[in-house]
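So the structure is just underneath, and the comments pick up after that.
The values are calculated or read from the model by the stated rules, or taken from the named source; none is laboratory data. Keep in mind that this is a model prediction, so the values were computed, not measured. Please note: Cβ atoms are built from the backbone with ideal geometry, for glycine as well, and neighbour counts cover all protein chains shown. These accessible areas exclude ligands, DNA and RNA; they are computed on the full protein's heavy atoms, side chains included. Shrake-Rupley method; radii C 1.70, N 1.55, O 1.52, S 1.80 Å.
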Protein chains: 2
Amino acid sequence: MNVQDRPHVVIAGAGFGGLYAARSLKDADVRVTVIDRRNYHLFQPLLYQVATAGLSPADIAYPIRGVLNRQKNTRVFLAEATSIDVNARKVILQDGEIGYDYLILATGACHSYFGHPEWEAYAPGLKGVDDALEIRRRILLAFEKAERETDEAKRRALLTFVIVGGGPTGVELAGAIGEIACQVMVEDFRTINSQDARIILVEAGPRVLPSFPEDLSAKAEASLKRLSVDVRKNSPVTTIQPNAVVIRDEHIPAATVLWAAGVTASPLARSLRVPLDRAGRVLVEPDLSIPGHPEVFVIGDLAAFVHQGDCLLPGLAPVAIQQGRHAALNILRKCRGLPSEAFRYADRGSLATIGRTAAVANFGTVKLSGFLAWIAWIFIHIFLLIGFRSRFIVLFEWAWAYATRHRSARLITGGGNTMSPVS
Amino acid sequence: MNVQDRPHVVIAGAGFGGLYAARSLKDADVRVTVIDRRNYHLFQPLLYQVATAGLSPADIAYPIRGVLNRQKNTRVFLAEATSIDVNARKVILQDGEIGYDYLILATGACHSYFGHPEWEAYAPGLKGVDDALEIRRRILLAFEKAERETDEAKRRALLTFVIVGGGPTGVELAGAIGEIACQVMVEDFRTINSQDARIILVEAGPRVLPSFPEDLSAKAEASLKRLSVDVRKNSPVTTIQPNAVVIRDEHIPAATVLWAAGVTASPLARSLRVPLDRAGRVLVEPDLSIPGHPEVFVIGDLAAFVHQGDCLLPGLAPVAIQQGRHAALNILRKCRGLPSEAFRYADRGSLATIGRTAAVANFGTVKLSGFLAWIAWIFIHIFLLIGFRSRFIVLFEWAWAYATRHRSARLITGGGNTMSPVS
C-alpha cells in the first residue's frame, strides 16, 4: 500500500494516553500524527517534586520527538488544537487544520476553581512545568522575604503555606513543603527559624486521600502531622484573597496559597457536541469511541468511563496508559474490518507519598504504609520513567536528598526575582 | 569581642568574586552580609550548555544559602542594590539600606548593545538563567516552526542562526548549535533536515577568540567549520531587525539571532563617583580599593585592573576568584591594623570548547587543541563546580551525551509555547 493511502491516525495530546497510543501504533500500517502544544511529554506524577525544588524539569520531561523519532510512520506537530470538526473529520489548529481518518483525543484536564476563576492568581495550581516553577518561586521567595521582614504579623503570613485540596497532589505538596521547612532549610536562615513555618492542608471532605481506604487516609494524616502539617478536614474554602484564605469564618493570612482541589476537562471536549459529565468530560462508549462517531476515541482525563456499574475511572496515569493502548488496538481492528472491543481497566493499585520515607499504597488485597510503601513508591516511579537517563538521574537525586537532606533545585527563576512588599 | 561590635563586611554580588570573598572570611572575626538579587550562585562558564539544552539550570546553580549556611558569621540577603553611598558607608537597596564598615562590590557586568538597546529584543544575550532558557526556547522553537512552515524562504530564515561575537561565549554557542543541528536532531524531523540549518558566527575583528594566540584561533575556526558553522570575520554588524541581521550590505534573514558581542559594567559603579573606563568599569587601585575609600573594594567584571603595564585583566572567573580572595585578605589585614597588599594575577591559562570533542586551551607555555584540550576542558570545569552532586550530575550528563548524542533538556518552556507566525 502506498504510504499516502494508509489510514491517517491523529493523536491530540502527548500525555500518558496519547504517547502510549502512538507507541502502540509503531509497526502498524497507518500514518500517525501526534499534536501537542508543548514539545515534551511530562511525567506528571513527579511534578510536585519540581514544584518543591527536588527535581529539575528536564528530569521528568522528554522531548516528544526524541521518544518517537525512530517510529518512521509517525510525525510530531507542535500545535495548539482549538476544536474538532467531527463531520469534516478535521482537527482545527490555532494556525491551520489537519484531517484524520481516526482521531484519538487525549488533551487531558486543567485546573478548575469551582466558578471562581479570580482565585487562580492567588492560588496557582500544578499542571505543567511553568506552573511548577511558579510554585517553586513562590515557596522559596516566601522564606527569603520572611528572613528580611521586621513586622511580626507579616512575617507570620510569609511563613504560612496553605494547600487547598487533600487528594494525592495536595498531600504530596504539603508533605514536601513540610520536609523543606523542618529538615532542608533549618540551618539556612539567621532571623527566622524555618521550622516555625505553618503548613495547612485544607480538605472540604471528611478525610485526606478520599480515593484510598479509610485506614490509609488515617495513616497519611498521621505522617503529615509528623512533618508539622496542620490537616483541616471538613473545611471548605469560603474565599481566597491576595495573601489570605478564608475557611468558613476563619481568616488565615498566608502569602503562599496553592490549589490542588479541582480539575475540569480540556475545553476541546465541547466541540465534539456529544454528552459531557459535570466536570466537562466526554461520556464515552464502552470501546472508548464517542456516540455516532466510531472513528473518534477519547481517553485519559478527558474521558468519563463508567467502570463497574456506576463508578467513573479516576484521572490517573495507569488509566490513561491502558486506554491509549486500547484505543490504538481498536483502530487497528477497524482497519482490518473487525469490530472494536470494550475497554476493561486492570487496577494495579494506587500510591501517594508524604515527605521523606513515608507513603501509603493500596494494591487492593495488599495495603502498605510507612517505609515499605515508600520503597514501593520509589521503585514503581523509577520503573515508569522513560529512558535510562531519567531513571538514573532521578534515583541519584533521591539518594542524594535522602543522604544529605539537601534539595538540588532551590532556584528562584522567572517572574520578578527582586523583593517587593508583602501585600 | 561582642558579635555586634565586629566589623561589618558587606559583599554585594554572589558571583565568583563575591562568593569566594565570603568563603575567605569564614573563620574571621567579622560579620559578613552577602547581598544578591538572585538566590543562587551561577557557574557562568557552563551557562551556554543550559542555553543549548545540554544541562538543567539546577546543575550549575547553587542556592547561596546552601553554600554559606554553615558559615555562622555570615548572613545572606535576597535584595537588589541600587546605589552605594560611600560617604555614609551604606548600600542603598530597592527596599531599604544596609550600612557597612567594609564593602566588596562584585556585581559584575550586563550586556551592552553598543548604543543600540533596541537590538536586545531581537538578539538576546546570555548572562543569567532566564536568558539561557529564553535562548533555548528560541533555538528549539525555530526548528519546530520550520518543520511546519510551507513557505521556502520563511523556512530558510527559521533554520538560520546568527551568533554575533566571536569570543568564547559566541564560539561555544555556535559550536553547540552546530552539534544539535548536525548530530542530535538528525532523525527527529519529517519535513526538514536539521543538517540544512545555517549557523553563522559573526565577528567584527580579524579572528575568533581574539584573547587566544593566533594559531589556536585558527584551530577553533577549523573545528567550527567541521560543525558546519559559517565563520564571518571582519564583519561588523550594521543593524539587527526582527528576524534579520545586516552585515555591511548583506541582509541575512534569520529567525534566531543571539548576542555574544559586548558587556558593560553594572550601573552601580557610577554611584561610587570615581573614575571609570569606557566599559563603565571602576579603575581600581593596586590593592583593589577605590581612590579615596580604602574600605571599598571592587572586584571581578566590575573592576578595571591594570595588569603588566597597560593591559586590563579580562572578565574571567579565575580573575574574579583571585580578586575576591585578595579583597577579603586585605580587609582582614586592615582589621589587624596592617597595610593592604597589591593584587597580582596568577594566570593559569584559558580554554574554550567547540562542540563535541574539540576545544582549545592556552596554558601559556603549553597550547592544546582538539581532543586533548577537550579532555582538559572537561576536567577543569568538573573540578571548579561546587559540590559532589553537581560534579557527578554534570559528568554523567556529558558522558551520556557523548555516548548517545542526546541532549537531555530539550524543553520549550516559558514565553508562549504555541506557534505564532514567523514575522
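Some observations on this one:
- Summary for B:G99: label point 7 Å along Cα→Cβ; distances to the equivalent points in the other copies, ascending, 8.0 nm.
- For A:K90, the aspartates and glutamates whose Cα comes closer than 15 Å to its Cα, not counting residues fewer than 8 places off in the same chain, are A:E80, A:D101, A:E295.
- ³J(HN,Hα), Karplus 6.51/-1.76/1.60, whole Hz, each residue of segment B:120-136, x for Gly, Pro: 4, 5, 8, 9, x, x, 10, 10, x, 4, 5, 4, 5, 5, 5, 5, 4
- With DNA, RNA and ligands ignored, accessible area of A:C110 (1.4 Å probe; Å², nearest 10): 50
- Using the 1.4 Å probe convention, the accessible area of segment A:96-250 works out to 38 Å² per residue with neighbouring protein chains retained.
- Heavy-atom accessible area, probed at 1.4 angstrom with all protein chains present, ranks B:F43, A:F392, A:F383 as A:F383, A:F392, B:F43, highest first.
- Its Cα centre serving as origin, segment A:45-133 has a Cβ charge dipole (Lys and Arg +1, Asp and Glu -1) of approximately 540 debye.
- Average silhouette area of segment B:305-423, convex hull of alpha-carbon atoms, in square nanometres: 13.6
- Segment B:10-69 - charge dipole about Cα centre, Lys and Arg +1 at Cβ, Asp and Glu -1, debye rounded to 20: 120
- Straight-line cross-link partners of B:K233 among the lysines, defined as a Cα under 30 Å from its Cα and at least 8 positions apart when in the same chain: B:K127, B:K145, B:K154, B:K219, B:K225, B:K367.
- At a threshold of 30 Å², the residues of segment B:177-195 that become less accessible to a 1.4 Å probe in the full protein assembly than in their chain on its own are B:E187, B:D188, B:R190.
- Accessible area buried at the B-A interface, both sides summed, 1.4 Å probe (Å², nearest 100): 5100
- What you get for segment A:127-206, charging only the Cβ of Lys and Arg (+1) and of Asp and Glu (-1), is a dipole of about 180 debye around the Cα centre.
- With all protein chains in place and ligands, DNA and RNA left out, the 1.4 Å accessible area ranks B:K127, B:K367 as B:K367, B:K127, largest first.
- Carbon and sulfur %, accessible surface of the protein assembly as shown computed with the full protein complex present, 1.4 Å: 51
- Taken along its principal axes, the alpha carbon cloud of chain B reaches lengths of 73, 43, 41 Å, longest axis first.
- Compared with the rule-of-thumb size 2.2 N^0.38 Å for a compact globular protein, segment A:9-131 has a Cα radius of gyration ratio of 1.17.
- Distance between segment B:146-185 and segment B:290-320 - C-alpha centres, whole angstrom: 36
- Alpha-carbon centroids, segment B:187-243 and segment A:186-232: separation in whole Å: 55
- Taking amide H positions as modeled 1.01 Å from N, with prolines and chain starts lacking one, the residues under 5 Å from B:L312 and 5 or more places away or on another chain are B:H307.
- For A:K72, the aspartates and glutamates whose Cα comes closer than 16 Å to its Cα, not counting residues fewer than 8 places off in the same chain, are A:D5, A:D27, A:D29, B:E147, B:E187, B:D188.
- Each of A:L216, B:A22, B:Q195 was placed along the dipole of the protein assembly as shown (beta-carbon charges, centred on the mean Cα), and the one lying farthest toward the positive end is A:L216.
- Gyration tensor verdict on the protein assembly as shown (Cα atoms; rounded if a/c is under 1.5, prolate if a/b is larger than b/c, oblate otherwise): oblate
- Think of a 1.4 Å ball rolled over the protein heavy atoms: segment A:285-423 then has 45 Å² of accessible area per residue.
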